[in-house]
Amino acid sequence: MKIELLSIARCRGRPRQFDRNEALNIAVRLFWEHGYEATSIHKLACAMGIRPASLYAAFNDKADLFREALGRYQASVSFVENCLKLTPTKKAISSLLLEAANHFTDKETPSGCLIVLSGISFDRQSSPEIEKILTEKRAGFEKLLFNRLERGLSEGDLDVNTDLHALARYLVMIFQGLAVAAREGKTKLELEQSAVLALRGWSGVN
């Protein structure tokens, strides 16, 4: 996803013609860079070059804008489903983690993963609605991995005694760890090395 942020200075000048699609892209990047709570309505409106009232008119409220931004972000990370289509299973998961290392360190976008980082950067008690949204996103990703592992089991790629739920959780944790490490400044090569080591820990996987 290549999204160019507009200067905050624009909010001091004459309002530009509103482009909802462009505004949503800007919101994606701001939430990705700063997290949900640190991205204020004022910051969003200024970056979009509109007044807060116009933002509310277009997106209802900050929570709805965030939900829509997450959807836009997910649509941009098509590598996840593309990798999981590969066979055998270990090749699919290996490709997923290596592509994640590339995505998380792309110099043209904020580092890490919007969904992963959003889940660790806000007060859950003060934002229960956002917590629910992110919990559903994380559960959906784990379910996606579980379904791919289940397919691998049926195709003979995994040992019949493999705990698919535990393995799916393990892979989610590796994926999340790569995202956090990228935000902390680890390089693509370092993430790739960690991903390879993580895959060596598999047992009963062809």
Ser154 passes all but one of (1) open to solvent by 70 Å² or more (accessible area, probe 1.4 Å); (2) over 18 Å from Tyr73 (Cβ atoms); (3) at pLDDT below 95; which number fails?
-> (3)
Exposed (fewer than 13 other Cβ atoms within 10 Å of the Cβ) and under 30 Å from Glu22 (Cβ atoms): does that describe Lys107?
-> yes
Which one is farthest from the chain's Cα centre (by Cα), of the residues in region 110-125 that are open to solvent by 30 Å² or more (accessible area, probe 1.4 Å) and touching a residue at least 40 places away in the same chain (Cβ under 8 Å)?
-> Asp123
Check off (1) assigned to a helix (DSSP H, G or I); (2) more than 14 Å from the chain's Cα centre (by Cα); (3) in contact (Cβ under 8 Å) with a residue 24 or more places away in the chain for Gly156 and give me the number that stays unchecked.
-> (1)
Scope region 48-85; condition open to solvent by less than 60 Å² (accessible area, probe 1.4 Å), part of a loop (DSSP other than H, G, I, E, B) and without any contact (Cβ under 8 Å) to a residue 24 or more places away in the chain; matching residues | Asp61
Only one of Glu136, Glu129 is modelled with pLDDT under 90, open to solvent by 10 Å² or more (accessible area, probe 1.4 Å) and closer than 14 Å to Leu70 by Cβ; which?
-> Glu129
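The values are calculated or read from the model by the stated rules, or taken from the named source; none is laboratory data. As the structure is a computational prediction, the values presented were derived from the model and not from experiment. All Cβ positions, glycine included, derive from the backbone under ideal geometry; neighbour counts span all protein chains shown. Quick note on the areas: whole protein, heavy atoms, side chains included, nothing else; ligands and nucleic acids left out. Shrake-Rupley method; radii C 1.70, N 1.55, O 1.52, S 1.80 Å.
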